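Below is one structure, written out as structure tokens, with a few remarks after it.
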Amino acid sequence: MPNIIELKNVCKSFGNTEVLHNIDFAVEEGEVVVVIGPSGSGKSTLIRCINCLEMITTGELIVDSIRIPDEQGRIRQIRLEVGMVFQQFNLFPHMTAIENVAFGPSKARRMNKAKATDIARGLLDRVGLAEFEHQLPGQLSGGQQQRVAIARALAVSPKVLMFDEPTSALDPEMIGEVLDVMKSIANDSGMTMIVVTHEMGFAAQVGDRLIFMDDGRIVEEGKPGDVMKNPQSERLKDFLGHVKHH
Amino acid sequence: MDFEFSVIIESLPALFEGAKLTWYITILGIIGGMIFGILAGLGRIAGTAALGEKPHGIFIWVSVLIRYISGGYVELIRGTPIIVQAMFLYFAFPMLVKAVTDIERFRIEALTAAVITIVVNAGAYIAEIVRGSVISVNKGLLEAGMSLGISRFQLIVHVIGPIAIRRMIPPLGNQFIISLKDTSLFIVIGVGELTRQGQEIMASNFRALEIWLTVAIIYLMMTTTLSMTLRHFEKKMKMF
């Protein structure tokens, strides 16, 4: 499979602090990549650079054959192809569930309202929230909000879906429903996914590749089972010990 | 105490004439002030992350220029008394025009000067209300919009705007009421608004108690109308 995302020698600094050091990283079409690592290791920054919420400082980023920094004018095109689900859901609080989901297709893909609403209804049904379409985000539980957010990201039919710690802000009993939706997307649609998470069970079950980041570098990567069973570095052993005990 | 109710009845027609003028200046002032305020408020945060994408290339400098112009306007107006602004516009500005151009008989109508003063003055304060409301919108919502591939313009219209407007209503109510009351200062440039009408009646019959009580009640009725209108808008908006 061809690479849909490629980072070549990418560095990212905030002011004088470099948070990503010479990252080389590629994702194939259809691949599910899980990124783990301690907080502050640069996992979020890595995926935020991929859809240009943060601009890379040096190096090159290629997404769906659009090159950054050479083609900075095409950032919106990148974002149409790379959806994102956030830790804090970030649903538009003044729009109902179905309006949230229909917003992307009608504004970014310029579909007519009726068609966008149809798509939105189908996606809400797919994430198990058909009967909640007229609720405002404030009336939904965290798990429900995150499922709406996943439907919203899917609605613009991106080629890649990225998740930035999608279950970290959820109560424990709601984590399962969100992970189930994510699993079904990975299994049923063959969607390319990059998932930053601490859910090791999810990584083992769904991930094609596991990446361990520490201090702005990719320290280890491989098949999730192998990486978890035979961590090479002390830092990963240490990290896995912490995660498992929680 | 000698309180003549008939004095009030007699003065009402003239006071209502004044109140009409007060309303007129206030409504035009508020409408113009909103336009100035929205432009200057957004101008003060042009090219910052509060409005989504940061600009690149020449637009960086364009946005810096816009920020300086808007900021200068707000500081200049907030930093000087409104009564000085009104007098400057009405008395000094025509002289300035005469001095730098050949126009001999340039003058500004008192009423025009009053409306312009309210527009410009309210605009500066509303700019800060707009700016504050916009920067208070959760940045995560902008990122969510951007990551859907929504353009900056659509983001402002459909996400930042609706959320910010709800937060603007209480402080805007404040400003509208202040602007209405500020029209009473135009007594100094001879606009026949409510306060001036009261003053004139008072000067002829010396019934201070009756007249100023009536004037105060009419102001109160007008400001209450303003606050109730805004409350109505606030309630009509979908709450979240």
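The values are calculated or read from the model by the stated rules, or taken from the named source; none is laboratory data. Just so it is clear, the structure is predicted and the values come from calculations on it, not from any experiment. FYI the Cβ positions are ideal-geometry reconstructions off the backbone, even for glycines, and counts take in every protein chain you see. The protein model used for the area step is the full one, side chains on, heavy atoms only, and it has no ligands, DNA or RNA in it. Shrake-Rupley method; radii C 1.70, N 1.55, O 1.52, S 1.80 Å.
Restricted to the stretch A:75-193, the set of helices (runs of 4 or more DSSP H) holding at least 1 residues that are within 14 Å of another protein chain (Cβ to nearest Cβ) and open to solvent by 50 Å² or more (accessible area, probe 1.4 Å) comprises A:75-81, A:97-107, A:113-126.
Is it true that some residue in the stretch A:24-39 is in a loop (DSSP other than H, G, I, E, B), open to solvent by 40 Å² or more (accessible area, probe 1.4 Å), more than 24 Å from residue A:198 (Cβ to Cβ) and within 14 Å of chain B (Cβ to nearest Cβ)? Scanning the stretch A:24-39 turns up no residue that is in a loop (DSSP other than H, G, I, E, B), open to solvent by 40 Å² or more (accessible area, probe 1.4 Å), more than 24 Å from residue A:198 (Cβ to Cβ) and within 14 Å of chain B (Cβ to nearest Cβ).
Among the listed residues A:196, A:219, identify the single one that is of a type in the set (Val, Ile, Thr) and over 14 Å from residue A:240 (Cβ atoms).
Working: A:219 fails: over 14 Å from residue A:240 (Cβ atoms).
Unique residue meeting the criteria: A:196.
Scanning the stretch B:2-17 for residues that are open to solvent by less than 100 Å² (accessible area, probe 1.4 Å) and under 11 Å from residue B:211 (Cβ atoms), we see that the one that is farthest from the chain's Cα centre (by Cα) is B:4. Residues that are surrounded by fewer than 20 Cβ atoms within 10 Å (Cβ to Cβ), away from chain B (no Cβ under 12 Å), touching a strand residue (DSSP E or B) at 6+ places or on another chain (Cβ under 7 Å) and of a type in the set (A, V, I, L, M, F, W, C) occur at least once in the stretch A:57-67.
Please determine, by comparing only the residues of the stretch B:153-182 that are small (Gly, Ala, Ser) and surrounded by fewer than 21 Cβ atoms within 10 Å (Cβ to Cβ), which one is nearest to the other protein chains (Cβ to nearest Cβ). Give the derivation first.
If we filter the stretch B:153-182 for residues that are small (Gly, Ala, Ser), which is where we start, we get B:161, B:164, B:173, B:179.
With the extra rule that they be surrounded by fewer than 21 Cβ atoms within 10 Å (Cβ to Cβ), the set shrinks to B:161, B:173.
Values: B:161: 10, B:173: 20 Å.
Ranking the qualifying residues of the stretch B:153-182, first place goes to B:161.
Taken over the stretch B:49-66, residues that are among the β-branched types (Val, Ile, Thr), surrounded by 13 or more Cβ atoms within 10 Å (Cβ to Cβ) and within 18 Å of residue A:55 (Cα to Cα) amount to 0.
Check A:81, A:60, A:99 and return the single one that is acidic (Asp, Glu) and over 19 Å from residue A:4 (Cβ atoms).
Values: A:81 fails: over 19 Å from residue A:4 (Cβ atoms); A:60 fails: over 19 Å from residue A:4 (Cβ atoms).
Exactly one residue qualifies, and that residue is A:99.
Just to verify a result, which residue in the stretch A:166-194, among those that are β-branched (Val, Ile, Thr) and touching an Asp or Glu at 6+ places or on another chain (Cβ under 9 Å), is nearest to residue A:229 (Cα to Cα)? Lay out the reasoning, then the answer.
If we filter the stretch A:166-194 for residues that are β-branched (Val, Ile, Thr), which is where we start, we get A:167, A:175, A:178, A:181, A:185, A:192, A:194.
Now narrow it down to the ones that are touching an Asp or Glu at 6+ places or on another chain (Cβ under 9 Å): A:167, A:175, A:192, A:194.
Numbers: A:167: 24, A:175: 24, A:192: 25, A:194: 21 Å.
Ranking the qualifying residues of the stretch A:166-194, first place goes to A:194.
Looking across the stretch A:211-246, the residues that are touching a strand residue (DSSP E or B) at 6+ places or on another chain (Cβ under 9 Å), part of a helix (DSSP H, G or I) and open to solvent by less than 40 Å² (accessible area, probe 1.4 Å) come down to A:224, A:225, A:227, A:228, A:236, A:239, A:240, A:243.
Step by step: first the residues of the stretch A:81-108, then only those that are of a type in the set (Gly, Ala, Ser) and without any contact (Cβ under 8 Å) to a residue 60 or more places away in the chain, then the one that is farthest from residue B:155 (Cα to Cα). Which residue is that?
Filtering the stretch A:81-108 down to residues of a type in the set (Gly, Ala, Ser) leaves A:83, A:97, A:102, A:104, A:106, A:108.
Those left that are additionally without any contact (Cβ under 8 Å) to a residue 60 or more places away in the chain: A:97, A:102, A:104, A:106, A:108.
Numbers: A:97: 18, A:102: 14, A:104: 11, A:106: 13, A:108: 10 Å.
Once the filter is applied, the top-ranked residue is A:97.
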